[in-house]
Each structure stands twice: as C-alpha cells, then as structure tokens.
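Structure record follows, encoded as structure tokens.
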Amino acid sequence: MNAPQRDNRLNFSGGPGVLPEPVLDQLQESIRAVPEVGLSVLGISHRSDWFAQVVRELEDNVRQLLGLGENYRVLFLQGGATQQFSMVPMTWLRGSPVAADYLHTGYWSGKSLPEARREGPVNLLWSGADEGFRRLPEDGELAYNPAAPYFHYVSNETVEGLQFRRVLGLEAVPRVCDMSSDFLSRPCEAERFALIYAHAQKNIGPAGVTVVVLREDFLGDRAGTLPPFLDYRAQIDAHSIYNTPPVFAIYAVLLVTRWLKDTVGGLAAMDALNRDKAGLFYGVLDDSDGFYRGHVRPEDRSLMNVAFTLGSPEQDRAFLAAAEAAGFSGLGGHRSLGGLRASLYNGLTREAVARLVQFMTDYRQRARA
C-alpha cells in the first residue's frame with residue numbers, strides 16, 4: 001500500500017521536527033559523499049580528522065551563537081534529554097543533604113522529577129498539575145532556596161505549549177535548564193546558566209544527539225565518581241568521542257548552526273522570524289470567536305508549540321483528517337494531552353504557517369456556513 005504523499009515543508013510535528021530546506025539539500029548530498037571527503041557521511045569514521053574538525057567547529061559555533069566564552073564546554077551526547085534527567089542529579093545531587101529546587105510546569109519537567117528523586121532530595125517549588133498546566137508561575141509564587149545545589153526547570157514545555165519569557169532563579173544558585181524545544185531559537189542569556197541541555201530533534205537536527213553546554217566551574221571536582229560514559233569530565237576530555245557518536249546527527253547539527261549564523265544572521269534574527277510566525281498562528285486562534293481554543297493563557301504562550309482544540313475530540317479528529325488530506329502533517333496533539341498541536345520550529349517557513357492559517361480560516365468558515 002502506498003503512503004499518502006506529504007510535503008516536507010508542511011510538517012508541523014512536535015519532534016522530530018522539520019529541518020531547513022538548505023540543510024536537507026546538503027544532507028542529501030552528504031549521504032552520497034561529503035564534498036571535502038568524497039565518502040558518505042554514513043561511512044566516515046568517527047576517529048577521522050574530518051569528524052574531529054566537525055566537532056571542534058560545532059563547539060565553536062554553539063558558543064558563538066550563545067555569546068559564550070571558552071569557560072563553557074559544549075558536548076554532543078546520546079540518550080536524549082531523558083539521560084540528562086539522570087546525569088544531572090547523579091552528578092550534583094547524589095549524597096547532597098540539601099534538596100535541589102525543581103519546577104513542574106508540564107509533561108517533560110514532570111519526567112525529570114522521579115529521576116532526580118532517585119539520587120537525592122528534591123524541593124518542588126511549584127506545580128501546575130492541578131490547573132492542567134495552563135499557565136506558568138509568577139515570580140512571587142517561587143520561594144527559592146539560596147543553599148540549593150542547583151535549580152532545574154524547562155524553558156519551553158513542548159506538550160502544553162508554555163514558554164518562559166524570563167530567566168528564573170537566584171544568581172547564587174546554579175541554573176540547570178532543559179531547552180530541548182527552544183534551544184537556538186532565540187537569545188537566552190546563556191551566561192546566566194550553569195548547564196543547558198537540549199536534544200536535537202526540535203530545532204537543530206535529527207534525533208540521536210543531545211547538546212550540553214556546561215560552565216566548567218560548575219563541574220568542579222565531581223569528575224571520576226560515575227561510569228565514564230555518564231561522567232561529564234570524561235566526555236569533555238574526549239571531545240564527545242568517548243565512544244562511537246552519532247556522526248550523521250552531529251554533522252546535521254553543524255549544518256544547522258552554519259545556517260543560523262550565515263543565512264539567518266544569528267539568534268536575534270531567528271527570534272524575530274519565530275515571533276512573526278507565532279503571531280500569525282495565534283492570530284487565527286484569537287480571531288476565531290472561540291472556534292479554535294488555545295490550551296494556555298496568552299501571556300505564557302510558546303513561540304515553538306501551540307496546543308489547541310476545537311472543543312471536542314470528535315471535532316478535533318475531523319479537523320485533523322481534513323488537514324492531513326490537505327497535505328499538512330504532524331498536527332495531532334501529544335498522547336498525554338490529546339487535541340491538536342502545531343510546532344513552529346526554526347526550520348518551518350513563514351509561508352508554511354501562512355498556508356496552515358489560511359486552511360484554518362477556510363475550515364472555520366465552512367464549518368459555520
């Protein structure tokens with residue numbers, strides 16, 4: 001049976017997400033042969049000089065895009081953000097008599113909590129669970145512990161469509177942030193964080209690689225207490241080539257960072273493009289007289305992920321079927337929430353958003369005719 005024809009440019013999936021067309025073109029070529037090597041990227045040794053240079057350039061590109069110095073180390077690890085849910089508390093919470101501060105703002109921050117509690121005490125500063133994760137906390141609701149070993153939160157909740165517009169926490173307490181779904185989508189005052197992690201399959205590459213940006217003084221003397229594969233210091237010393245890394249995925253991230261630097265013009269320019277796309281999409285929700293209903297309060301809306309519904313599961317399914325028939329992909333909501341979701345990642349063009357907005361406008365008019 002032949003699968004229905006899809007248009008890659010109209011992929012609104014929450015992840016893996018759409019990549020920029022110029023990057024896809026380069027990846028297509030590299031599968032046959034990387035121009036400067038003559039071999040397929042799928043068959044180039046991770047011990048080659050070429051790949052060592054890929055890693056070095058990518059480390060530099062990430063630091064440059066974030067405005068960071070050499071005191072920040074950049075790693076390309078495996079295991080997704082899920083492995084970081086464990087590696088962080090294994091490194092900084094295990095054996096601590098003092099609880100780490102955590103926020104529970106949605107599905108993915110909730111996933112980090114049981115892994116942290118395996119290693120040590122956790123102080124849950126705030127949870128939005130009782131309200132269905134429809135908003136983020138106000139500053140006055142957060143009583144941070146100035147003695148906490150670190151403070152952990154998620155900058156953008158992919159499932160519910162919530163995004164912080166500010167940096168949280170105390171300057172004296174190391175900030176650890178899961179930026180998986182908005183990393184390199186906007187400037188983020190990265191120098192105020194001790195550790196940032198982000199799996200690539202949203203804005204910056206395919207699944208298989210997780211970027212970790214780590215301020216070296218935060219690591220301190222914690223090296224050597226864990227198995228080497230789970231030890232940040234061992235990974236730093238090996239420049240992320242401790243074992244066989246996902247060469248293709250790392251190369252894809254390199255191409256995305258080149259695109260961000262050389263074509264887009266940096267993170268401020270990327271942020272302006274993303275704000276424009278999000279404004280266009282939220283406009284069709286706000287102007288629909290309640291036909292389309294957003295999941296979260298307007299002041300906490302994500303620029304990356306828009307969770308919405310038409311009012312009932314039956315209406316949602318009918319809309320999704322019509323959207324798929326029109327060539328739009330990835331609009332189903334996350335399994336934990338249901339409904340619908342449009343993800344507006346870096347690689348998605350304004351034209352694609354405009355086409356979906358026009359479809360949604362036409363669909364509403366037909367439904368109410």
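Readers should treat all values here as calculations from the given coordinates under stated rules, not as data from a laboratory. Please read these numbers as outputs of a predicted model, since none were measured by experiment. Methodologically, a virtual Cβ is constructed for each residue, glycine included, from the backbone with ideal geometry; neighbour enumeration extends over all protein chains shown.
Near Gly332, within a Cβ-to-Cβ distance under 11 Å, what is the net charge of the other residues, with Lys and Arg +1 and Asp and Glu -1?
Local net charge: +1.
If you take the charge dipole of the chain about its Cα centre, with +1 on Lys and Arg Cβ and -1 on Asp and Glu Cβ, which of Gly339, Ala326, Val253 is farthest toward its positive end?
So the residue we want is Ala326.
Aspartates and glutamates near Lys277 by alpha-carbon distance under 13 Å, same-chain residues fewer than 8 away left out - which ones?
Glu351
Work out the length of the dipole vector of region 22-117 about its Cα centre, built from +1 on the beta-carbon of each Lys and Arg and -1 on the beta-carbon of each Asp and Glu, and round it to the nearest 20 debye.
Charge dipole, region 22-117, about its Cα centre: 460 debye, nearest 20.
Within 10 Å, count the other beta carbons around each residue, average over each peptide in 65-71, 160-166, 116-122, and list them highest first.
Those peptides, ordered most packed to least, come out 160-166, 116-122, 65-71.
Counting pairs of alpha carbon atoms under 8 Å apart in space and at least six apart in sequence, what relative contact order in percent does region 145-278 give?
Relative CO of region 145-278 lands at 19 percent.
Enumerate the amide H contacts of Asn305 below 5 Å, restricted to partners 5 or more residues apart or on another chain; note that Pro and chain-start residues carry no placed amide H.
Here Leu344 satisfy the definition.
I want to verify a result. In a Gaussian network model of the chain, Cα cutoff 10 Å, which of these has the top mean-square fluctuation: Gln84, Gln315, Gln235?
Gln315
Between Thr309, Thr105, Thr263, which gets the highest mean-square fluctuation from a Gaussian network model of the chain, Cα cutoff 10 Å?
Thr263
Considering the options Val122, Tyr153, Ser112, tell which one lies farthest towards the positive end of the dipole of region 99-154, charges being +1 on Lys and Arg and -1 on Asp and Glu at the Cβ, about the Cα centre.
Ser112
Can you give the % of DSSP beta bridges in the chain that are antiparallel, to the nearest 5?
60
Amide H neighbours of Val34 under 5 Å, counting only residues 5+ apart in sequence or on other chains, H built in-plane at 1.01 Å?
Excluding prolines and chain starts, which carry no amide H, the hits are Leu39, Ser40, Val41.
May I ask you to evaluate 6.51 cos²θ - 1.76 cosθ + 1.60, the Karplus curve with θ = phi - 60°, for each residue of region 50-57 and list the ³J(HN,Hα) values in order in whole Hz, giving x for glycine and proline?
4, 6, 4, 5, 4, 5, 4, 5
Restricting attention to the alpha-carbon atoms of region 29-77, what are Rg (one decimal) and Dmax (integer), both in Å?
For region 29-77, the Cα-based Rg and Dmax read 13.0, 37 Å.
Using the Cα centre as the reference, give the magnitude of the dipole from point charges on the C-beta atoms of the chain (Lys, Arg: +1; Asp, Glu: -1; all else neutral), rounded to the nearest 20 debye.
640
Using only the Cα atoms of the chain, each taken as one equal point scatterer with no solvent, compute I(q) by the Debye sum, divide by I(0), and report log10 of the ratio at q = 0.06, 0.12, 0.13 Å⁻¹.
-0.23, -0.92, -1.07
When the chain is modelled as a GNM with alpha-carbon springs shorter than 10 Å, which of Glu189, Glu157, Glu216 fluctuates the most?
For the chain, modelled as a Gaussian network with Cα springs under 10 Å, the answer is Glu189.
Which aspartates and glutamates, if any, have their Cα less than 13 Å from the Cα of Lys111, not counting same-chain residues under 8 positions apart?
Lys111 reaches Glu157, Asp178.
Among DSSP beta bridges lying fully in region 130-209, give the percent that are antiparallel, nearest 5.
Roughly 20 percent of the DSSP beta bridges within region 130-209 come out antiparallel.
How large is the dipole of region 230-369 about the Cα centre if only Lys and Arg carry +1 and Asp and Glu carry -1, each at its Cβ, rounded to the nearest 20 debye?
So the dipole magnitude of region 230-369 works out to roughly 160 debye.
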